[in-house]
Structures are given as C-alpha cells and as structure tokens.
1. Quick check on TRP251: is it under 21 Å from HIS332 (Cβ atoms), at pLDDT 95 or above and either surrounded by 15 or more Cβ atoms within 10 Å (Cβ to Cβ) or in the same structural domain as LYS123 (by TED's automatic domain parsing) (or both)?
2. So, in region 276-286, exactly how many residues are without any contact (Cβ under 8 Å) to a residue 40 or more places away in the chain and surrounded by 15 or more Cβ atoms within 10 Å (Cβ to Cβ)?
3. When only residues in region 25-54 that are polar (S, T, N, Q) and over 18 Å from ARG89 (Cβ atoms) count, which is farthest from the chain's Cα centre (by Cα)?
4. Out of curiosity, is ILE303 at pLDDT 90 or above and assigned by TED's automatic domain parsing to the domain that holds ILE230?
5. Failed condition for PHE48, given (1) assigned to a strand (DSSP E or B); (2) surrounded by 14 or more Cβ atoms within 10 Å (Cβ to Cβ), with all others met?
6. In region 161-183, is there at least one residue being in a loop (DSSP other than H, G, I, E, B) and buried (at least 17 other Cβ atoms within 10 Å of the Cβ)?
7. Taking the criterion of being among the acidic types (Asp, Glu), touching a residue at least 24 places away in the same chain (Cβ under 8 Å) and not in a helix (DSSP H, G or I), would at least one residue in region 249-257 satisfy it?
Amino acid sequence: MGLTAVAIKAAKGRNKQYKLADADGLYLLVLPTGRRYWRMNYRFHGKFKTIAFGVWPEVKLSDARAKKDAARQCLANGIDPAEQQKLDRIAASVAAANTFRAVADEWIDKIAQEGRSPVTLKKNRWLLSFTYDVLGNRPITEITPHELLAVLHKVEKRGRHESAKRIRATCSQVFRYAIATARADRDVAADLKGALIVPKVTHRAAITTPSEAGALLRAIEGFEGHATTISALKLLPHVFVRPGELRYAEWGDFDLDRALWTIPPEKTKMRRAHTVPLSRQALDIINAIETNRDFSSFLFPSIRSTNRPMSENTINAALRRLGYSKDEMTGHGFRSMAATLLNEMGKWNPDAIERQLAHVDRNTVRSAYARGEYWDERVKMMQYWSDYLDQLRSGAEILTPKFGQK
C-alpha cells in the first residue's frame, strides 16, 4: 500500500534517518531533524542509483509520483533519469540567464560594435523598453506570439501604430539574433505580420515651390539665435543631407581644399559612405563657423557639452521659431525640397539626384553598373543648386528650361 498525505504529515524525526516507501522505488527519507526528502532507487545498466525529487511539503505526494513516473519513462527509453535531471537543470539555468532583455542587450552591444549610429542605438533601446515590463525577465525560448501581441496591442491602444510596428520589427531582430546564437528556435515576432494596424503613411512636411523656398531662405537669413544653430540652418539647404548626418558632422570628415564632405558609413542611414560635393556657398558657411576642431570635433556641438553634437530637435525648433509649423517644414524637408525642385528643372539625371540624396538603388544589378555614381554631374548640380538658392533668396523669378528646350 502506498503512502498517504496523513502518514507523511505524521512522520516524525527519530534517532536515525528512516524511509517510508511508496511504490516503484519511490520513498520519503525522514531525517532526525524531521526534514522529509523524496528519493527514488533504481538500477541503470546493472548499477544501483538514487535520484532526488525535492523536499516535502514543497513537493507534494502527487508531484513526487509524477516525477517518479517521468523517471521510469526515461528508464524505459534507455535514459538515465539522474543524468536527464542534470541536463534539465542546465537547460533551465541557461534559459533563465537568456531572458529576452539579456539577449536584447547583447544584440544592442553587437550592432554598436558594428558601427551603428548613436541615434539608431538610442532608438532601438527606446523601442525595446516598451516590452521589458512584461517580457524582459522571461526566458526568450518561452515567449509566445500571444504575449508579444498583447504588448504591441497595448501600444496600439494609445494610438501609436507606427511605434507598435517598429517594436515588432525590432523584437524580430532580437529573436533572429537569439536563433543565430542558439538561444531560440523561432522568431515569434515574425508570426505577427499582418496582426497590427497599418498606419496611414504621412509624408514629412516640406516646402516644394520656388516662391515658398525663397521665403524660407530669407527667413533663415534673418534668424536670430545661437551661432551654431544659424550655421547649421544655413548649411542644410545647400547639402540636403539627413538631419542626423548634419548633427554628427565632424571636422575630420571634411576635405575643404578639395571641397568634399565624406560621411562615414557608421553615420549614414544606409550604412555606406556618402560624399557631398561642397559648393562655394557651402564652403563659405563652413569657413565662417566661429569654432574649430580644437574647440570641438563637431562642426555643430551642443551648447552644453563640446563632446556631443547639437540636439536632434535644434533644427526643427529653429524652424518653429521662424514661424513654420511641423506641418509646413521640418529639417528632413530640405531633402524633399531639393529632390522636388531639382527634378522639376529637367536639367539633371534623376539617378544623379537619387545618388546625391544617398538613396540606394534596390536593383542590385542596376546599382552594380552605377559605379561612377554620376560624380561629375553631381559636382555641377550642387554648385548650380546653391546658385539657384541664392537667386530664390534674393526674390528673383527663375524660369528653368525643360528637356528639349533652349
């Protein structure tokens, strides 16, 4: 007859430890102190062995019997249950150490060493932070699609549809990294494609007509603010790089004698070096900057620390001070302004404009044959563009001939 809960509870410590047998090798070992331990004796390959199942009452009679049945199933399959128990403990320990947050932090460190920009790293950390309260301490192998979806729906309910989409994509990169490093078997974020609300695409605000561009340039010319902000605001229309690339511009990236600004891969969105031909006007603006590399490595350092670039909100804040709302013009809008007006001129190869915008051709065959990247045309175009901006700023009416016209 097997043990009962009443008999186990009534067991008291004696001068020597003793056993209370249950069935199939399972027994309760009672120590002189009264502590009670679950054990099971068995033979494996003719050798007598014992396996421990825990302490009563933390492990109840029913739990001990379930562990005994699992052990006997191992024996039936030719597996030593004590060795399997060790493997299970190791696996559980590894799983506990490989929480979602631990793997995410490791992935962030990896892409940082690969040269991702500080802005990208900051953005990824921010996106992942939405998941940590619920998923941060969960073993990454145990997270289900439904758990992640619940987190994403919580973000969606606040109207942040684009953020939810980006969180899913970032989590997917973490899961793929876990798979590549043998910490997970599948990307549960990939299962959620199509489960989120697709946000309506909204294009960044930009001024795209000559008359409005002229008015903006005149407003910039009269802007009263910090000298660093004035210089950055004046330079951006002439080079139309991404605002983050302008912020992180360093003196070491420029060859002013050759009128070149080479933005290294780690500072660009597409992770490939991008060279900007500098017009005479752009060079004049750069040469007029009051600070130099001895003051800060950055052309546009923060007003709080010369070791950091100016704030990512500086350009947009200056545009707001000039009276342009976020729906009218943004720092990124200078790219749209240049793209629109340069294409409308009909004077430049559209591919040359795309290269100057640092847009990568998704057609790998086509891009492979564009090795020259229209460099000579881009140099002429950038000087023409700066001359054109000067005329717009002066209020001149400019009629640009189209293709086929003289």
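The values are calculated or read from the model by the stated rules, or taken from the named source; none is laboratory data. None of these values were measured; they are calculated from a predicted model. Please note: Cβ atoms are built from the backbone with ideal geometry, for glycine as well, and neighbour counts cover all protein chains shown.
1. No: the conditions fail for TRP251.
2. Qualifying residue count, region 276-286: 1.
3. THR33
4. No: the conditions fail for ILE303.
5. Exception for PHE48: condition (2).
6. Yes.
7. Yes, there is a match, as at least one residue in region 249-257 is among the acidic types (Asp, Glu), touching a residue at least 24 places away in the same chain (Cβ under 8 Å) and not in a helix (DSSP H, G or I).
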